[in-house]
Structures are given as C-alpha cells and as structure tokens.
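Contents: one structure, followed by commentary.
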Amino acid sequence: MKPLLLVDVDGVLNPFSRASPDFRRYECTIGPDTYTVHLNLRHGARLMELALKTGSELVWATTWEHNANEWIAPRLGLPELPVVPMTPRGPSERGESFKTPCVADYVDGRPFVWFDDHLWVADEEYLRGHQGVDEFLLIPVEPHRGLTPRHLALAERWLTLSGFNQGRG
C-alpha cells in the first residue's frame, strides 16, 4: 500500500507570519469570502519530489478541502490531489484536533505522514487507539514559519527507514 503524505494549508504552506521574499501573495475568493495566502512555489516541487522519492501519495488534509485543488495546487505547481473530507463531528474524545477523526477514517490502514500546525499528544493518542490506523508520523509545523526542508527530511527518513519505499528507484 502506498503511504500517504497528508498536507495542511494554513500554517503549513501558508505561514501566519510576514512572508519572506520566497513567497508570493494571492487573493483567493471562495463564496462570499476573500482570503489572502502567501505561497512558496518551491513547496510544490519539494512535496512532489518527496512523494516520488518515497512512492507516496500526496493528499490534502485541510479545511480548504477541494478548494485547495482550485486555489493552492495550481499556484504551487501541484496536480489535483485527493482530499480528506473534513466532515464536522461531535466534541473531541481526548482533546484531539477536529481534523484527527477525519484523517483516521480516511487512511484506511495505509501508513502516513501528516504535516499540520495543530498536532499534539492528544492527536497521537487518538490515532494510536483508532481501528484502521496503523503506522504514522505526525510532523507538527510551527505556523509562523511553515513547512521547512527539515520537515520534509524527517518525512523522507521515516518513510525510507520504515521500508515503505522499497523497490522504488
């Protein structure tokens, strides 16, 4: 089974601090709302490289849901990606993020790496206790910096050492 690379947008690809010159500003209109996002084209290339190198599948795990394919993917040079449905649930069981049960239901036993700026111990505990969740690595991203080469290297190392990419060149 191909491992998954789950990617959030806000705080990960769109950091909350003042963007460096590597980032371009975009205005995205979704329904009646307009959002300002700062995106770094290199993130798309680096995520694609990681997916290819490790034989993984990139997936959006963001409240942007399918809007990420319309507004984020083309600006990063990414193809249309599958989306984890962020169906609202009841209150958290262990203090986990509202996204965590959605991710747990989506992965269906596949190993995964999850880049998000809202990952804590409660999320890991929830995932470890959820049927259908096997091996995973949570990579918390500092929301004011966003995704860095260190985060990508952690994911690559874990996927490689876990043997998920054996037989891939």
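A few points about this structure:
- One residue alone among L152, L159 is among the aliphatic types (A, V, I, L, M), in a helix (DSSP H, G or I), surrounded by 15 or more Cβ atoms within 10 Å (Cβ to Cβ) and touching a Lys or Arg at 6+ places or on another chain (Cβ under 6 Å), and that residue is L152.
- Residue, most open to solvent (accessible area, probe 1.4 Å), within region 78-90, restricted to residues that are in a loop (DSSP other than H, G, I, E, B) and at pLDDT 95 or above: E80
- Any chance R75 is in contact (Cβ under 8 Å) with a residue 60 or more places away in the chain, outside any strand (DSSP E or B) and either within 16 Å of L138 (Cα to Cα) or not small (G, A, S) (or both): no
- Residue tally, condition more than 17 Å from F115 (Cα to Cα) and among the charged types (D, E, K, R), over region 30-52: 1
- Scanning region 1-32 for residues that are crowded, with 19+ Cβ neighbours inside 10 Å and assigned to a loop (DSSP other than H, G, I, E, B), we see that the one that is farthest from the chain's Cα centre (by Cα) is F23.
- Taken over region 33-51, the criterion of being in a helix (DSSP H, G or I) and open to solvent by 80 Å² or more (accessible area, probe 1.4 Å) is satisfied by L41, R42, R46, E49.
- Across region 91-117, the qualifying residues are those that are in contact with a helix residue (DSSP H, G or I) (Cβ under 9 Å, 6 or more places away or on another chain) and part of a loop (DSSP other than H, G, I, E, B), and the one among them that is nearest to R157 (Cα to Cα) is P111.
- Failed item in (1) of a type in the set (D, E); (2) part of a helix (DSSP H, G or I); (3) open to solvent by 40 Å² or more (accessible area, probe 1.4 Å); (4) touching a helix residue (DSSP H, G or I) at 6+ places or on another chain (Cβ under 7 Å), with E70 passing the rest: (4)
- Here S56 fits the description: touching a helix residue (DSSP H, G or I) at 6+ places or on another chain (Cβ under 8 Å), polar (S, T, N, Q) and modelled with pLDDT of 95 or more.
The values are calculated or read from the model by the stated rules, or taken from the named source; none is laboratory data. Treat the numbers as computed from the prediction; the structure is a model and nothing was measured. So basically every Cβ, Gly included, is an ideal-geometry build from the backbone, and we count neighbours across all protein chains shown. To get the accessible areas, we keep the full protein, side chains included, count just its heavy atoms, and leave off ligands, DNA and RNA. Shrake-Rupley method; radii C 1.70, N 1.55, O 1.52, S 1.80 Å.
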